[in-house]
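Have a look at the structure below, then the notes.
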Amino acid sequence: MPFMKEIGGRLMVNVGSVGQPRDGIAKASYAVLENGEVELKQVQYDVKSAIARLRKLPIDKTAIDELSYILKHAKMPR
């Protein structure tokens with residue numbers, strides 16, 4: 001989950017996830033630090049292509065299905 005929060009006079013930044021979003025937004029998250037300022041950003045990416053490549057990996061089908069769900073829906077399956 002991307003966030004910025006000041007704690008004890010320090011800025012804590014979690015950029016979220018490039019590959020497994022869990023915030024309900026199916027985008028890649030990242031942060032830009034420029035001139036002492038932090039900006040959280042998100043960008044669209046080709047989720048269908050990522051899932052197609054995932055399905056070619058020699059890993060358990062259940063894991064692939066769960067990861068595919070996370071990529072599509074940006075949250076854990078129920």
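Do we have any residue at all in the range 43-58 that's free of Cβ contacts under 8 Å to residues at least 60 places away in the same chain, closer than 17 Å to Met1 by Cβ and surrounded by 10 or more Cβ atoms within 10 Å (Cβ to Cβ)? No; the residues of the range 43-58 include none that is free of Cβ contacts under 8 Å to residues at least 60 places away in the same chain, closer than 17 Å to Met1 by Cβ and surrounded by 10 or more Cβ atoms within 10 Å (Cβ to Cβ). In the range 13-35, the residue that is modelled with the highest pLDDT out of those that are surrounded by fewer than 11 Cβ atoms within 10 Å (Cβ to Cβ) and within 18 Å of the chain's Cα centre (by Cα) is Val32. When restricted to residues that are on the phi > 0 side of the Ramachandran plot and not small (Gly, Ala, Ser), the range 2-39 contains 1.
Count of the range 36-61 residues, restricted to those that are at pLDDT 95 or above and among the polar types (S, T, N, Q), is 1.
Could you list, in sequence order, all residues of the range 66-75 that are over 12 Å from the mean Cα position of the chain (by Cα) and in contact (Cβ under 8 Å) with a residue 12 or more places away in the chain? Scanning the range 66-75 gives a single hit, Ser68.
The values are calculated or read from the model by the stated rules, or taken from the named source; none is laboratory data. The structure displayed is predicted, hence computed values, not measured ones. Every residue, glycine among them, receives a Cβ derived from its backbone with ideal geometry; neighbour counts consider all protein chains shown.
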